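To start, the structure under review is shown below, and the notes come after it.
The values are calculated or read from the model by the stated rules, or taken from the named source; none is laboratory data. Quantities reported herein were computed from a predicted structural model and do not represent experimental measurements. Cβ placement follows ideal geometry from the backbone for every residue including glycine, while neighbour counts extend to all protein chains displayed.
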Amino acid sequence: MSKIDFNKIYSSFWFLQIGGWLIYTVMIYITFLTVTNNFLSLFYIKTFRAVVGFLLTLILWRIYRRMVNRLSLSSTVLIVLGLSMLFGIFWALIEEGYVWAISKEYNFYANLPKIPKVALDYAMTVTAWSAVYFGIKYWQKWQTEQQNALESAALANKAQLEVLRYQLNPHFLFNALNSIRASVDEDSNRAKEMITQLSEFLRYSLLGESEKKIPLREELEAVRNYLAIEKIRFEEKLEIEFDVEKSAEDFKVPCFLLNPLVENAIKHGLQTSAKPLKIKISARVSGRELFLEVCNSGRLENLHNSNGTKIGLKNVRQRLEKLFGDGGKFELKQDGDFVKARVEILRQKN
Amino acid sequence: MKYKTIIVDDERLARREMRRLLAEFDEIAIVGEAENLSETLSLIEKEKPHIVFLDIQLSNENGFDLLEKTEQNFKLIFVTAFDAYAIRAFEVNALDYLLKPVNPERLAKAIERIGEDAEKKAEFRPFEFDDRIFLELGNRSVFLKVCEISHINSSGDYSEVFTRQGKKFLIEKSLREWEERLPEKHFLRIHRQTIINLEEIEEIETWFNRSFQVRLKNFRQTLAVSRRYAVKLKSKFT
């Protein structure tokens, strides 16, 4: 069974038009009850007035519908005032004619001076109706715009996170495949092992969800696979060291947080470090905070001439900010003989 | 005749793979391996190779720099895992470009091309603004980023290529051939004698007889815009 959308009904034109004019009718009955005792003629005249108002505003509706969102505010206001005046006069004249038709003691000349005042009165009513109409229209438009803005921002965030994660480095991938091809004859067991490691790494990077947080253990596993392949490529030119506290392994971290840091460490380390390049990865917990470090034995100075790295690091920073707000920190600095990339994450309560 | 060949790669496994792939070709004789540019240079001096297989991303060096350091002439075949920008050359057989892992059939084609007639015309493929192009200058060769070209002057059958750094290369290509290959969006012929890089325009001066002169960022001399091309130049800026 489909659910009835009350919000939609309440904001529909017909609901408001009929409801509004009913309230109007009741209100004029009440106001005039106190000043007359001819109830029947009051009923006829005031009902007629409300019906005419109802019908006239329907005509206005047809006109206004074409104007909404097409004209500037000032021309809308001018047209609304002009039409209100016109419809007010029209309304007053029709009513005058009706009264003349049904009433025997109607004195046209006595009533004539009153007509401009009545017309102005009715014009005000039409203006008020118009103001409500446009007010609702603009409010609805504003709401949809707000909604769209929120939706597009959410989409953009998602897309950006996806992109960041899919920055699976093609250099790495094809070089890994090349190393595997080379290993097939030289050492087929190593080739098999590399295929497994590469598969695990690809699975992790392609199937993981960027918004999802996972235990550090899984992220480290992916990093280990990645480094195992790089170690086979670079052989004795690369030395790797892990130092992970047991308690840190269950800490939840964003998927693919560490890998860009490790990738950078190798890329820059190879350019700036003495051989062999040393990579150290450490994780420890203190209180509610997790400290992750990726160090390489290179130098930080030459960093500014590499755009790709800057983007990579900016992404790490942005993701931390998005996912943890003030609870995530990132810094990159030279610490003695090592370039140290350091991430701090505050455990979130939930 | 066998081609004396050198393999340059910083990874032992990659060199081994290349060696194994090349073992299939009788015309290739591998005379040495190198893992960085200085080793490569001394090998080139010693062996005077016909072919160099060169990895672009060496651990702390760039394969492109090799040509600036040697006067020797050899056929260069790049081998790389992935490169964001292509390398293009005016001559089909001037160089080749292989992607790792190397496809043996593609390698066979590259080796086949080495023997081809050097006079063969270039296949028509326009350069991109970010491309590197490979230019043969008589007995040596250079790499040039297309975006680094400031302007090109015609000089008979030759053309003079001026770079943004103020270098000048004399190349055996007509201005017409340049015009066909350079990206239209960034380069414009302004005269029978001249093609300019639009990004390099500092200002356009209007002279009293309603002709134009273009001043480029890194050059003091102005360049004349002939009436024929003035309309096109104007349309680029309106």
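Looking at this structure, is A:K237 surrounded by fewer than 21 Cβ atoms within 10 Å (Cβ to Cβ), within 14 Å of chain B (Cβ to nearest Cβ) and under 19 Å from B:E11 (Cα atoms)?
Working: surrounded by fewer than 21 Cβ atoms within 10 Å (Cβ to Cβ): yes; within 14 Å of chain B (Cβ to nearest Cβ): yes; under 19 Å from B:E11 (Cα atoms): yes.
Answer is yes for this residue.
Restricting attention to region A:240-280, and to residues there that are in contact with a helix residue (DSSP H, G or I) (Cβ under 7 Å, 6 or more places away or on another chain) and part of a strand (DSSP E or B), which single residue is surrounded by the fewest Cβ atoms within 10 Å (Cβ to Cβ)?
The selected residue is A:V244.
Looking only at region B:34-78, how many residues end up being part of a strand (DSSP E or B), crowded, with 17+ Cβ neighbours inside 10 Å and out of contact with any helix residue (DSSP H, G or I) (no Cβ under 8 Å at 6 or more places or on another chain)?
At the first step, the residues of region B:34-78 found to be part of a strand (DSSP E or B) are B:34, B:51-55, B:57, B:62, B:75-78.
If we keep only those that are crowded, with 17+ Cβ neighbours inside 10 Å as well, we get B:34, B:51-55, B:57, B:75-78.
Retained after the next criterion (residues that are out of contact with any helix residue (DSSP H, G or I) (no Cβ under 8 Å at 6 or more places or on another chain)): none.
So the answer is 0.
Step by step: first the residues of region B:1-33, then only those that are in a loop (DSSP other than H, G, I, E, B) and out of contact with any strand residue (DSSP E or B) (no Cβ under 6 Å at 6 or more places or on another chain), then the one that is farthest from the other protein chains (Cβ to nearest Cβ). Which residue is that?
B:M1
Looking at B:F162, is it surrounded by 12 or more Cβ atoms within 10 Å (Cβ to Cβ) and in a loop (DSSP other than H, G, I, E, B)?
Values: surrounded by 12 or more Cβ atoms within 10 Å (Cβ to Cβ): yes; in a loop (DSSP other than H, G, I, E, B): no.
No: the conditions fail for B:F162.
Kindly indicate whether any position in region A:199-215 is more than 31 Å from the chain's Cα centre (by Cα), within 14 Å of chain B (Cβ to nearest Cβ) and under 25 Å from B:T80 (Cα atoms). Working first, answer last.
Our first condition is that a residue be more than 31 Å from the chain's Cα centre (by Cα); within region A:199-215, this holds for A:199-201.
From the residues that got through so far, the ones that are within 14 Å of chain B (Cβ to nearest Cβ) too are none.
Taking every residue of region A:199-215 in turn, none turns out to be more than 31 Å from the chain's Cα centre (by Cα), within 14 Å of chain B (Cβ to nearest Cβ) and under 25 Å from B:T80 (Cα atoms).
Of everything in region B:186-238, what is closer than 23 Å to B:F129 by Cα, basic (K, R) and part of a helix (DSSP H, G or I)? Give them in sequence order.
Listed by number, the residues that qualify are B:K232, B:K234, B:K236.
If you take the residues of region A:291-329 that are modelled with pLDDT of 75 or more and of a type in the set (A, V, I, L, M), which of them is farthest from the chain's Cα centre (by Cα)?
Step by step, filter region A:291-329, then rank; the result is A:L300.
So which residues in region A:314-331 are buried (at least 20 other Cβ atoms within 10 Å of the Cβ) and either under 26 Å from A:L270 (Cα atoms) or not assigned by TED's automatic domain parsing to the domain that holds A:F291 (or both)?
Selection gives A:V316, A:F330.
Kindly evaluate A:K231 against the criterion of being within 14 Å of chain B (Cβ to nearest Cβ) and either part of a strand (DSSP E or B) or within 36 Å of the chain's Cα centre (by Cα) (or both).
Numbers: within 14 Å of chain B (Cβ to nearest Cβ): yes; either part of a strand (DSSP E or B) or within 36 Å of the chain's Cα centre (by Cα) (or both): no.
So A:K231 fails the test.
Considering A:S74, A:S84, which residue is farther than 16 Å from A:V132 by Cα and in a helix (DSSP H, G or I)?
Just one listed residue meets the conditions, A:S74.
One line per residue, one yes/no per condition, for (1) in contact (Cβ under 8 Å) with a residue 12 or more places away in the chain; (2) within 30 Å of B:L76 (Cα to Cα):
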| position | (1), (2) |
| --- | --- |
| B:F134 | yes, yes |
| B:N139 | yes, yes |
| B:F143 | yes, yes |
| B:S150 | yes, yes |
| B:V161 | yes, yes |
| B:E180 | yes, yes |
| B:W207 | no, no |
| B:L223 | yes, no |
| B:Y229 | yes, no |
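Within region B:122-159, how many residues turn out to be surrounded by 16 or more Cβ atoms within 10 Å (Cβ to Cβ), of a type in the set (G, A, S) and modelled with pLDDT of 85 or more?
3
Return yes when B:D83 is out of contact with any Leu (no Cβ under 6 Å at 6 or more places or on another chain), under 25 Å from A:S273 (Cα atoms), outside any strand (DSSP E or B) and acidic (D, E) and no when it is not. Spell out how you get there, then give the answer.
Numbers: out of contact with any Leu (no Cβ under 6 Å at 6 or more places or on another chain): yes; under 25 Å from A:S273 (Cα atoms): yes; outside any strand (DSSP E or B): yes; acidic (D, E): yes.
Answer is yes for this residue.
Please specify each residue of region B:186-210 satisfying the condition of being among the aromatic types (F, W, Y), surrounded by fewer than 17 Cβ atoms within 10 Å (Cβ to Cβ) and closer than 17 Å to B:R228 by Cβ.
Initially, region B:186-210 is screened for residues among the aromatic types (F, W, Y), giving B:187, B:207-208.
Checking the rest, the ones that are also surrounded by fewer than 17 Cβ atoms within 10 Å (Cβ to Cβ) come to B:207-208.
Residue satisfying the conditions is B:W207 alone.
Any residue at all in region B:86-105 that is modelled with pLDDT of 85 or more, farther than 22 Å from B:F129 by Cα, more than 13 Å from every other protein chain (Cβ to nearest Cβ) and over 15 Å from the mean Cα position of the chain (by Cα)?
yes
Could you tell me how many of the residues in region A:94-136 are in a helix (DSSP H, G or I), in contact (Cβ under 8 Å) with a residue 24 or more places away in the chain, closer than 19 Å to A:N38 by Cα and not β-branched (V, I, T)?
Matching residues across region A:94-136 total 2.
What are the residue pairs meeting all of these: first residue in region A:21-49, first residue more than 22 Å from A:F90 (Cβ to Cβ), second residue part of a helix (DSSP H, G or I) and among the hydroxyl-bearing types (S, T, Y), Cβ atoms under 9 Å, and 6 or more apart or on different chains?
What qualifies is A:Y29/A:T47; A:L42/A:Y29; A:F43/A:Y29.
Assess whether B:K217 counts as being more than 30 Å from B:N73 (Cβ to Cβ), surrounded by fewer than 16 Cβ atoms within 10 Å (Cβ to Cβ) and not polar (S, T, N, Q).
The answer is yes for B:K217.
What single numbered condition from (1) within 23 Å of A:E230 (Cβ to Cβ); (2) surrounded by 16 or more Cβ atoms within 10 Å (Cβ to Cβ) fails to hold for B:R20?
Of the numbered conditions (1) within 23 Å of A:E230 (Cβ to Cβ); (2) surrounded by 16 or more Cβ atoms within 10 Å (Cβ to Cβ), the odd one out for B:R20 is (2).
Scan region B:166-185 and tell me whether some residue there is assigned to a loop (DSSP other than H, G, I, E, B), crowded, with 18+ Cβ neighbours inside 10 Å and not charged (D, E, K, R).
Yes.
May I ask you to list pairs of residues, at least six apart or on different chains, whose Cβ atoms are under 8 Å apart, with the first in region A:168-190 being at the interface with another protein chain (Cβ under 7 Å from one of its Cβ atoms) and crowded, with 21+ Cβ neighbours inside 10 Å and the second being of a type outside the set (D, E) and not in a helix (DSSP H, G or I)?
From region A:168-190, the pairs are A:N175/B:A81; A:N175/B:K100; A:N178/B:A81; A:N178/B:K100; A:N178/B:P101; A:N178/B:V102.
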